[in-house]
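**Q** One structure, as structure tokens, below. Some questions next.
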Amino acid sequence: MSTTTIRIDDELKAQVAAAAEREGKTPHAFIVEAIARQVQLAQQDAEFHRVADARWAKVLASGKTVRWDKARAYLEARARGAKARRPAARKLDR
């Protein structure tokens, strides 16, 4: 395991120490968990954008999409457990 040094101002250092104490952790463990959580969020965000870009490319290639009000009504009905008819795709308005 390697060591990394970070420089933080005294106020933030005190806030980290207080937050770590409240959670029953050392400041080191608190900081490592915070970094790991931020890395995970960044990875999830990158994956979200990758999927969104791929889906948008598919919409542009096909020229078809489903209106949001129709898609929402369909999804809400399915979430309630009701049977719902899938909305038909239409030409994309450009």
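**Q** Just to check I understand the Karplus step: with θ = phi - 60° and J = 6.51 cos²θ - 1.76 cosθ + 1.60, what whole-Hz values come out for segment 42-51, glycine and proline as x?
**A** Per-residue couplings from phi come out as 5, 5, 5, 5, 4, 5, 4, 5, 4, 5 Hz.
**Q** Taking 0.36 nm per intervening residue step and subtracting the Cα-Cα distance, what contour gain separates residue 78 from residue 6 on full extension? Kindly include the intermediate steps, with their values, before the conclusion.
**A** On the way: separation 72, 0.36 × 72 = 25.92 nm, distance 4.91 nm.
This chain segment gains 21.0 nm when fully extended.
**Q** A further question follows. Given (i) 1.28; (ii) 0.96; (iii) 1.14 as candidate values of Rg/Rh (Cα atoms, Kirkwood Rh), which corresponds to the one derived from the coordinates?
**A** This structure yields the entry labelled (i).
**Q** In degrees, nearest 10, range 0 to 90: what is the angle between the Cα axis of helix 10-22 and the longest Cα principal axis of the chain?
**A** 80
**Q** Here's something else I'd like to know. Under a plain spin-label model, where a point goes 7 Å from the Cα along Cα-to-Cβ, how far apart in nm are residue 90 and residue 67?
**A** If labels sit at residue 90 and residue 67, their model points lie 0.4 nm apart.
**Q** Could I have the simple spin-label model distance between residue 13 and residue 29, label points 7 Å from Cα toward Cβ, reported in nm to one decimal?
**A** Result: 2.2 nm between the two label points.
**Q** In debye, nearest 20, what is the charge dipole magnitude of the chain about its Cα centre with +1 on Lys and Arg Cβ and -1 on Asp and Glu Cβ, if you could check?
**A** Details: 20 positive and 12 negative charges, 290 e Å.
My answer is approximately 1400 debye.
**Q** Where does the charge balance sit around residue 33 when Lys and Arg score +1, Asp and Glu -1, over other residues with C-beta under 15 Å from its C-beta?
**A** +1
**Q** Please enumerate, by chain and number, the aspartates and glutamates with C-alpha under 17 Å from the C-alpha of residue 64, excluding those fewer than 8 residues away in the same chain.
**A** Partners found: 53, 93.
**Q** Label segment 7-62 by shape, choosing from rounded, prolate and oblate, from the square roots a ≥ b ≥ c of the eigenvalues of the Cα gyration tensor; if a/c is under 1.5 it is rounded, and otherwise prolate applies when a/b is larger than b/c, oblate when it is not.
**A** Since a/c reaches 1.5 and a/b is larger than b/c, the shape of segment 7-62 is classed as prolate.
**Q** Does anyone have the angle between helix 68-79 and the longest principal axis of the chain? Alpha-carbon axes, 0 to 90°, nearest 10?
**A** Here the helix axis deviates by roughly 70 degrees.
Any read-out appearing in this document is the output of simple, stated calculations on the displayed coordinates, not a laboratory observation. This structure is a prediction, so every number in the text was calculated from the model and none was measured. Because the Cβ atoms are built from the backbone with ideal geometry, glycine has one as well, and the counts that use them run over all protein chains shown.
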